[in-house]
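The values are calculated or read from the model by the stated rules, or taken from the named source; none is laboratory data. Because the structure is predicted, anything quoted here is derived from the model rather than measured. Backbone-built Cβ (ideal geometry, glycine too); neighbour counts: all protein chains shown. Only protein heavy atoms, including side chains, enter the accessible area calculation; ligands, DNA and RNA are left aside. Shrake-Rupley method; radii C 1.70, N 1.55, O 1.52, S 1.80 Å.
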Amino acid sequence: LKDGVYQMASRLKIPRGINGTSGQRIVMASEAGGRAILDFAGAGGNFELWGDYWHVYGIDVRNTDGNIKGMQIAGHNNIIELVNTYNNGDTGIQVSGTSAETIEKWPSNNLILNCTSYNNVDPGFNNADGFAAKLSTGEGNIFRGCIAYNNLDDGWDLFSKVESGPIGIVTIENSVAFNNGISLDGHTGDGNGFKLGGDGIAVKHVLENSISFKNTTNGITSNSDPAVILRN
């Protein structure tokens with residue numbers, strides 16, 4: 001993608017079946033020395049990746065409308081690297097499928113690498129996180145080297161609910177959450193740095209080598225998950 005702002009007219013959905021392979025991924029990247037910015041203001045949609053074995057590198061996703069996530073990763077074995085998501089109407093980057101399907105089809109083995117997500121705010125001031133892997137997320141998803149700040153709700157949200165059952169184990173490594181719970185223009189929400197569960201459902205999520213500070217509620221909360229693992 002050439003350098004510059006792309007004013008999106010509608011949702012950008014990569015459907016199931018548009019797949020790379022483990023040896024030859026499909027790559028979407030900004031040109032060398034530039035940065036492509038996908039601006040979804042007024043588009044009524046977002047960036048949805050349902051394909052497998054993609055590598056999305058060095059782009060921005062911003063300004064989705066109210067209650068619409070910036071980027072949804074719903075496929076398998078993808079790498080999302082150096083992507084910035086900000087000013088969206090719901091969570092910046094969310095790994096999730098659909099609760100209408102079973103866990104075997106939920107997104108798995110995705111790596112969110114060195115991404116930054118900030119100032120994501122939903123109209124109800126209670127739901128927009130920096131990053132999330134929740135509700136309908138399979139096994140093996142990893143967040144590594146990511147930064148979440150000034151998101152209205154939480155830096156990270158790994159919520160499971162009784163209706164859909166436990167999600168897969170999520171690993172968060174070498175990441176930072178700060179100033180969550182207050183947007184850059186002063187709106188306030190829950191404000192956990194790392195929220196690692198929900199509804200008392202036991203999932204052995206791992207949080208390691210990470211830092212959480214100046215969030216408005218908890219730096220780290222199990223959110224009633226009795227099985228979380230914290231290291232360093």
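Could you list, in sequence order, the residues of the stretch 1-27 that are surrounded by 15 or more Cβ atoms within 10 Å (Cβ to Cβ) and polar (S, T, N, Q)? Selection gives N19 alone.
The residue pairs whose first member lies in the stretch 156-170 and is in a loop (DSSP other than H, G, I, E, B), whose second member is surrounded by 21 or more Cβ atoms within 10 Å (Cβ to Cβ) and of a type in the set (D, E, K, R), and whose beta carbons are closer than 8 Å, counting only pairs six or more residues apart or on different chains, are L158/K134; L158/K195; L158/D225; F159/K134; F159/K195; S160/K134; S160/D225; I167/K134. Residues that are touching a residue at least 40 places away in the same chain (Cβ under 8 Å), surrounded by fewer than 20 Cβ atoms within 10 Å (Cβ to Cβ) and not hydroxyl-bearing (S, T, Y) occur at least once in the stretch 84-103.
Residues that are in a loop (DSSP other than H, G, I, E, B) and of a type in the set (D, E, K, R) within the stretch 171-201 comprise D185, D190, D199, listed in sequence order. Residues in the stretch 202-215 that are under 26 Å from S183 (Cα atoms), within 20 Å of the chain's Cα centre (by Cα) and part of a loop (DSSP other than H, G, I, E, B): N209, S210, N215. Do we find a residue being closer than 15 Å to E81 by Cβ, part of a loop (DSSP other than H, G, I, E, B) and under 16 Å from the mean Cα position of the chain (by Cα) anywhere in the stretch 50-58? Yes, that holds for at least one residue. If the condition is being within 13 Å of N120 (Cβ to Cβ) and surrounded by 23 or more Cβ atoms within 10 Å (Cβ to Cβ), then the stretch 29-62 contributes F40, N46, V61. Using the structure shown, decide if G124 is part of a loop (DSSP other than H, G, I, E, B), farther than 18 Å from K214 by Cα and open to solvent by less than 10 Å² (accessible area, probe 1.4 Å). No: the conditions fail for G124.
Only one of the listed residues (N232, N180, N141, N151) is open to solvent by 30 Å² or more (accessible area, probe 1.4 Å) and either at pLDDT 95 or above or of a type in the set (D, E, K, R) (or both). That residue is N232.
Hey, can you tell me all the residues within the stretch 9-26 that are out of contact with any Phe, Trp or Tyr (no Cβ under 6 Å at 6 or more places or on another chain) and not in a strand (DSSP E or B)? Listed by number, the residues that qualify are A9, S10, R11, G17, I18, S22, G23, Q24. Just so you know, in the stretch 65-82 the residues that are in a loop (DSSP other than H, G, I, E, B) and under 17 Å from A128 (Cβ atoms) include one that is least open to solvent (accessible area, probe 1.4 Å), and it is G70.
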